[in-house]
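Participant: One structure, pasted below without further comment.
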Amino acid sequence: MTATLEPYAYSLLVAAAEAADRAVSRLPLPERAATVADGADGEPTTAVDQAAERAVFDVLTAGGRPLRVISEERGELTLVAGDDPLVVLCDPVDSTTNAILGLPIYTSALVAYHHGQVQAAVVRNLATHEAYSAQGQHTAYFNGQPIRCPKASLADSVVTFGPIRESLAQQVLVDVVAASRGIRLFACPSWSLAAVSDGKVGGFVGLGQSYPVHRLFDVLAAAVVVEAAGGVVTDHCGGPWQVALEDLHSGVTVVAGATATHGELLAMIGRRTS
């Protein structure tokens, strides 16, 4: 039964992300920053967050199947009552700051689960109208075309980073700069991580010395896409994430890449933390 939901969940998430794209595109840049509510994560909900979330919810509700949503902005809601619901995790706008400033990397990120199993994921750049997506756990796409994570070494790769506020991240960044083709900081973790799936970047590192810097909301959908494309996503020790659907504000560290690049990145982090 679970497998039969994959095409439905995939089509639903793609349509929801496209709706968010249209809603945000219609919202003038000067109006995006207005605070309209307090988000479930304790951060202000802006007009651009709200516009994207409403568009996503409208599509999810119209699907008609029992569905529960866990949104970064409004928390957990039942959109369509009924037994055996699909569970959709939604970050309506990842990198709200970029969206407000007009910097062209900000996304809607969604992932669907049924009975705890991934059904689909979408990470759509609302500025460029491009999308990474996954149907099930083994099929990934960029703009609807199948993709696989290429087998590149670190020396041949550009690497993206999450925040570099703490000394550990700064030290690892210096090491990566010396060993790779360079680094990029996009300030949008979902897109930065998803770009590993087709080799636009060879790896992604997100870590802090005293606390994990990424909430699951920020990176879960992208991680699903990377793994479906054959890439590897772990914490900074090489272990799996502990995904608790009831606590998606919990923090994680992230190291991602093709198998070889991922291993090289883990080794660099290990030398700095040993």
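Participant: What ratio of Cα Rg to 2.2 N^0.38 Å holds for the chain?
Facilitator: Ratio of Rg to 2.2 N^0.38 Å for the chain: 0.95.
Participant: Next up: Could you derive backbone 3J(HN,Hα) for the stretch 46-58 from the dihedral phi with the Karplus parameters 6.51, -1.76 and 1.60 (θ = phi - 60°), listing whole Hz in sequence and x where the residue is Gly or Pro?
Facilitator: 8, 4, 6, 4, 5, 4, 5, 5, 4, 5, 4, 4, 4
Participant: So, one more: Any idea what angle helix 216-228 forms with the longest principal axis of the chain, computed on alpha-carbon atoms, 0 to 90 degrees, nearest 10?
Facilitator: Long axis of 216-228 versus the principal axis of the chain: about 70 degrees.
Participant: Top mean-square fluctuation among V233, V48, V174, Gaussian network model of the chain, C-alpha springs under 10 Å?
Facilitator: Sorting by GNM fluctuation, first place goes to V174.
Participant: Quick one: length gained pulling R65 to R165 fully straight, 0.36 nm per residue minus the C-alpha distance?
Facilitator: Additional length available on full extension: 31.7 nm.
Participant: Scattering from the C-alpha atoms of the stretch 154-273 alone, worked out with Debye: what is log10 I(q)/I(0) at q = 0.22, 0.23 1/Å?
Facilitator: One equal scatterer on each Cα of the stretch 154-273 leads to -1.29, -1.42.
Participant: Positive end of the charge dipole of the chain (Lys, Arg +1 and Asp, Glu -1 on Cβ, about the Cα centre): tell me which of P85, C149, L13 has its Cα farthest that way.
Facilitator: It is C149, whose Cα lies furthest towards the positive end.
Participant: Once fully extended, how much extra length lies between S153 and L103, figured as 0.36 nm per residue of separation less the alpha-carbon to alpha-carbon distance?
Facilitator: Answer, rounded to one decimal: 15.0 nm.
Participant: Right, another one. Treating only the Cβ atoms of Lys and Arg (+1) and Asp and Glu (-1) as charged, compute the dipole magnitude of the chain about its Cα centre; round to the nearest 20 debye.
Facilitator: 740 debye
We did not get these values from a lab; they are worked out from the coordinates using the rules stated. In this text, all values refer to a predicted model and were calculated from it rather than measured experimentally. FYI the Cβ positions are ideal-geometry reconstructions off the backbone, even for glycines, and counts take in every protein chain you see.
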